[in-house]
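Single-structure report; data block below.
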Amino acid sequence: MITREITDTLRAYADSFRCVLIVGPRQSGKTTIAKYVFPSKPYVSLENLDEKELATNDPKAFLARFPNGAILDEVQRVSGLLNYLQAILDETTENGLFILTGSNNILLQEGVTQSLAGRVGVLDLLPLSYREISDVEASINLNELIIKGGYPEIYQRNRKPNLWYRYRVGFFEQVKSIV
């Protein structure tokens, strides 16, 4: 795993808030960092259709499975869950009980503002910074950085950017000719 600069901040938020929400673009490493920092917490992806169905149809039963908290990934998929989570957080003084992740920043934050205000610390996780990338690829130059971008998978799995990104190869050829 690539060491992320936000790791210590995430731990500090978990020590200060009953719940932490990590938001950011898809594939920026939200799930990876949540699992890394909180390895003993159960992990549940709400992209899993069975989990999503239970959370949607019986949120009380869904949350009752995690009396010691959990990592709930892609929580924006079940917006009504936040209201039930609010009740649990109101009944506890334990910090870092739930760690939530979500890709849909705007809609998710509106739900958080309404349901979890004062109970949740919100962290934005962006793709890799130059410092994080240079820890992995010490010799990367500006041209390579522009082509590769900052998504962790490109560096962790040595992906070819022109295949990993959704753009045509022609886009990358144009960028190369400019720089």
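The values are calculated or read from the model by the stated rules, or taken from the named source; none is laboratory data. If you're wondering where the values come from, they're calculated on a predicted model, not measured in any experiment. Reconstructed Cβ throughout: ideal geometry from the backbone, glycine too, with neighbour counts over all protein chains shown.
Quick notes on this structure:
- Leu85 vs. criteria more than 21 Å from Ile6 (Cα to Cα), modelled with pLDDT of 90 or more and either surrounded by 19 or more Cβ atoms within 10 Å (Cβ to Cβ) or not assigned by TED's automatic domain parsing to the domain that holds Ile33 (or both): yes
- Pairing each residue of region 18-30 that is in the same structural domain as Val44 (by TED's automatic domain parsing) with any residue that is of a type in the set (Lys, Arg) and buried (at least 23 other Cβ atoms within 10 Å of the Cβ), provided the two are 6+ apart or on different chains, yields C-beta distances under 7 Å for Ile22/Lys30; Gly24/Lys30.
- Enumeration of residues in region 140-153 that are under 14 Å from Arg26 (Cβ atoms) and either without any contact (Cβ under 8 Å) to a residue 24 or more places away in the chain or aliphatic (A, V, I, L, M) (or both): Gly149
- Thr7, sole failed condition from (1) in contact (Cβ under 8 Å) with a residue 24 or more places away in the chain; (2) under 22 Å from Val78 (Cβ atoms): (2)
- Within region 8-61, the set of residues being among the hydroxyl-bearing types (Ser, Thr, Tyr), over 12 Å from Leu123 (Cβ atoms) and assigned to a loop (DSSP other than H, G, I, E, B) comprises Ser40 only.
- Total residues in region 19-69, condition surrounded by 14 or more Cβ atoms within 10 Å (Cβ to Cβ), of a type in the set (Lys, Arg) and out of contact with any Lys or Arg (no Cβ under 7 Å at 6 or more places or on another chain): 3
- Here Thr93 meets the list (1) of a type outside the set (Phe, Trp, Tyr); (2) touching a Lys or Arg at 6+ places or on another chain (Cβ under 8 Å); (3) at pLDDT below 90 almost entirely, failing just condition (3).
- Number of positions in region 4-18 that are among the acidic types (Asp, Glu) and either more than 20 Å from Ser134 (Cβ to Cβ) or surrounded by 14 or more Cβ atoms within 10 Å (Cβ to Cβ) (or both): 1
- Here region 115-128 is the region considered, the condition is being surrounded by 12 or more Cβ atoms within 10 Å (Cβ to Cβ) and at pLDDT below 85, and the residue that is farthest from Gln76 (Cα to Cα) is Arg119.
- Candidates in region 129-147 are the residues that are among the polar types (S, T, N, Q) and part of a helix (DSSP H, G or I); of these, the one that is modelled with the highest pLDDT is Ser134.
- Taken over region 141-153, the criterion of being touching a helix residue (DSSP H, G or I) at 6+ places or on another chain (Cβ under 6 Å) and among the hydrophobic types (A, V, I, L, M, F, W, C) is satisfied by Ile147 alone.
- If the condition is being touching a residue at least 60 places away in the same chain (Cβ under 8 Å) and either under 24 Å from Thr32 (Cβ atoms) or touching a His at 6+ places or on another chain (Cβ under 8 Å) (or both), then region 77-93 contributes only Leu85.
- Scan of region 130-144 for residues that are closer than 18 Å to Tyr165 by Cα and surrounded by 15 or more Cβ atoms within 10 Å (Cβ to Cβ), ordered by number: Ile133
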